[in-house]
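The values are calculated or read from the model by the stated rules, or taken from the named source; none is laboratory data. Given the structure is predicted, the values throughout are model-derived calculations rather than measurements. Positions of Cβ are generated from backbone atoms using ideal geometry, with glycine treated the same way; all protein chains shown enter the neighbour counts. Please note that ligands, DNA and RNA were not included when accessible areas were found on the heavy atoms of the full protein model with its side chains. Shrake-Rupley method; radii C 1.70, N 1.55, O 1.52, S 1.80 Å.
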Amino acid sequence: MTVVVEQIVTPRVREFLAGTKQLYIDGEFVDAVSGRTFVTLDPATGEHLADVAHGESADIDRAVRAARRAFEPWAAVKPNERERLIWRVGDLLTERAAEFGQLESLDNGKSAAVASSVDTAWAADVFRYYAGWATKIEGSTVNVSMPFAPVGEFHAYTLREPVGVCGLIVPWNFPLLMAARKLAPALAAGNTVILKPAEQTPLTAIMLAEVFEEAGFPPGVVNIVPGFGEAGAALAAHDDVDKIAFTGSAEVGRKIVDAAKGNLKRVSLELGGKSPSIVFADADFDAAVQGSLNAWLFNHGQCCVGGTRLYVEDSIFERFTEAIADAASYVRLGPGLDPTAEIGPLVSQEQLDRVTGYLDDGLCNGARALTGGKRWGERGYFVEPTVLVDVKPEFSVVREETFGPVVAAMSFNADEGIVTAANDSIYGLAAGIWTRDISKAHRTARRLKAGSVWINQYNGFDTAMPFGGYKQSGWGRELGASGIDAFTQTKAVNVAL
């Protein structure tokens, strides 16, 4: 760490970063079987941040065996006891929000203030929400007809039971929050888990192991194995894993599905997006500018739901794009620990190269940057907030998930409509609509092929609302009651009386 960082971070975070971060298996912090470690970097500087145990297939196998041993005892724990333990995790996250925020900022690059007040606070809310579900997982009685058994009486009912051992693979853009969204419902339903964090951002997952230990979870219920693709592949292919829940790219999602075929384990996927943000001429102009700006700049553009295809009605297109470019030009860049910075760096050199590659391709093909268009600074992985116009639907920056602070703006004619263009994507994760005409808003929302549609807002998330995608944006839903559905299975029982 640099001297500046050492002066800012809390003593507890400095203490955490010292020494090698170990795997957490069967209630113990342990080295990798191979003894190998890898380095995680501070994306604001590109400098060494911490050494982390390098989990591989042998470590995944250890963790799966621990989770299998713990499964039946954990599933048999009284629901109100599971509720108490999971709620305690939420409370501990709240108590340690500043630490988790600083650590997330150092490892991911995002604002420490946002990581504390949004990521960690929401993660705590997710644990509390699903803690309450632990006592509310119910079956039902069924009034059966039994047409092939004309004589007799029957008592039929269903049970909701845990799936078993679950592998959870989470991405680097919201490391703690994505882990919470899988861990909390899985544990509430009575499953045991192996969490594999992204290799770019493993640190808050390892600190989270401390929280589970302090909360009093039995050994083996929660296991955390940082590592690279080999660890994720081993988890997806393991014959003693009953379910995989994955958030990440569509490319890796396909590999997860292929690896899971061996024992036909259940798979849920939350994948990529290339979401449209639609601004009609009758929208509240200032609100639409600010809202659609946040749609593609939130989390530095590293957000699967980002509204990176901006469609603006032609009568206001020039004025609107100039306004949003002007607003973007005033956004302050800097390290996540800088309280004046509004957006931070991208997560890695690889991501910097990816985003600038999309920019270069678009500009070479005739796109024009109203603001931004290149890397910012020479240190760290920063990209200028960029508004592109004169783009065409076939450009890669329009069709592919950029995952950076870049928006491609296009005009549309109200008479010709917008839905066809908005739906012209392999993805269908989210969409935004800006209009004062509520009937137009509802009609448009109904026709959009997206799992979440936000009207006169963007990123309108709530823990109780289901989240997931259409088309190649994934399988299944997280959050709300759907989160419990993803980690339970239904048993039908029919008794001849």
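Numbers for the structure displayed
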| item | result |
| --- | --- |
| Efficiency of FRET between D360 and E251 - r from beta-carbon atoms, R0 25 angstrom, step 0.05 | 0.75 |
| Global geometry of segment 165-215, whether rounded, prolate or oblate, following the gyration tensor of its Cα atoms and the 1.5 cut on a/c | oblate |
| Kirkwood Rh in Å, taken over segment 97-224 so that all alpha-carbon pairs contribute | 16.6 |
| Interchain or long-range residues, amide H under 5 Å from K21's placed H | D51, V52, A53 |
| HN-Hα J in Hz across segment 346-357 - Karplus 6.51, -1.76, 1.60, θ = phi - 60°, x for Gly and Pro | 5, 6, 7, 4, 4, 6, 4, 5, 5, 5, 5, x |
| Student exercise, the chain dipole from Lys, Arg, Asp, Glu Cβ charges, in Debye to nearest 20 | 1240 |
| DSSP beta bridges in the chain [antiparallel fraction, %, rounded to 5] | 45 |
| Dipole-positive endmost among P150, N294, I256 within the chain (Cβ charges, Cα centre) | P150 |
| For the chain: rounded, prolate or oblate by the Cα gyration tensor [a/c cutoff 1.5] | oblate |
| S145 - accessible surface, heavy atoms, 1.4 Å probe, Å² rounded to 10 | 100 |
| Residues whose placed amide H lies under 5 Å from that of I244, excluding near-sequence neighbours | G167, R266, V267, S268 |
| Rounded to the nearest 10 Å², the accessible area of F71 at probe 1.4 Å | 30 |
| Segment 129-287 - percent relative contact order, Cα under 8 Å, separation 6 or more | 20 |
| Note, ³J(HN,Hα) from phi for segment 301-317, Karplus 6.51, -1.76, 1.60, rounded to Hz, x at Gly and Pro | x, 8, 9, 5, 8, x, x, 8, 10, 9, 9, 10, 4, 4, 5, 10, 4 |
| Cα centroid separation, segment 145-167 to segment 193-263 (Å) | 32 |
| Residue-span extension gain [I438 to D61] - 0.36 nm each, minus C-alpha spacing | 130.4 nm |
| Estimated distance in nm for a label pair at N263 and F228, the labels positioned 7 Å out from Cα along Cα-to-Cβ | 2.6 |
| Distance between modelled label sites at N80 and V39, nm, 7 Å Cα→Cβ extension | 5.3 |
| Fully extended contour minus Cα-Cα distance, from R69 to T490, at 0.36 nm per residue | 149.3 nm |
| Global geometry of segment 397-437, whether rounded, prolate or oblate, following the gyration tensor of its Cα atoms and the 1.5 cut on a/c | prolate |
| In Hz, Karplus ³J(HN,Hα) per residue of segment 85-95 (6.51, -1.76, 1.60; θ = phi - 60°; x = Gly, Pro) | 5, 5, 4, 4, 4, x, 5, 5, 4, 4, 4 |
| Cα centroid separation, segment 414-442 to segment 373-413 (Å) | 20 |
